[in-house]
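For reference, the structure discussed in these notes is given below.
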Amino acid sequence: MDKIASLLEGLEFGTVQITVHDSQITQIDRLEKHRLPLQKKSSQLTNQQKKR
C-alpha cells in the first residue's frame, strides 16, 4: 500500500491502475496527463471582434 500511496503523490491528472491475480497485486501502472492551457490565435480573436 505504501507503493500505491507514493504513486499518487504529485499526480494532478491521470490514473493509477492496479492489476490483481489470485488476490495478489501483480502490477501497478501510473498514467500521468499534463493539461496545457488553451491559447487563442490572434486571427480567432480578430474574427470574434468582427462578429460583434
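Pull out all pairs, ordered by first then second residue, where Cβ-Cβ is under 9 Å, the residues are six or more apart or on different chains, the first lies in segment 1-23 and is of a type in the set (Phe, Trp, Tyr), and the second is assigned to a loop (DSSP other than H, G, I, E, B) and modelled with pLDDT under 95.
Phe13/Lys33; Phe13/His34; Phe13/Arg35
Among the candidates Asp22, Asp29, single out the residue that is charged (D, E, K, R) and at positive phi.
Asp22
Can you give me the number of residues within segment 1-12 that are part of a loop (DSSP other than H, G, I, E, B) and touching a strand residue (DSSP E or B) at 6+ places or on another chain (Cβ under 7 Å)?
The total comes to 1.
Inside segment 7-18, can you point out the residues that are under 26 Å from Leu36 (Cβ atoms) and more than 11 Å from the chain's Cα centre (by Cα)?
Step one: filter segment 7-18 for residues under 26 Å from Leu36 (Cβ atoms), giving 7-17.
Once the filter is applied, which keeps residues that are under 26 Å from Leu36 (Cβ atoms) and more than 11 Å from the chain's Cα centre (by Cα), segment 7-18 yields Leu7, Leu8, Glu9, Gly10, Gln17.
The values are calculated or read from the model by the stated rules, or taken from the named source; none is laboratory data. Note that this is a predicted model, so its numbers are computed, not measured. In this analysis, Cβ positions are derived from the backbone assuming ideal geometry, glycine residues included, and neighbour counts consider all displayed protein chains.
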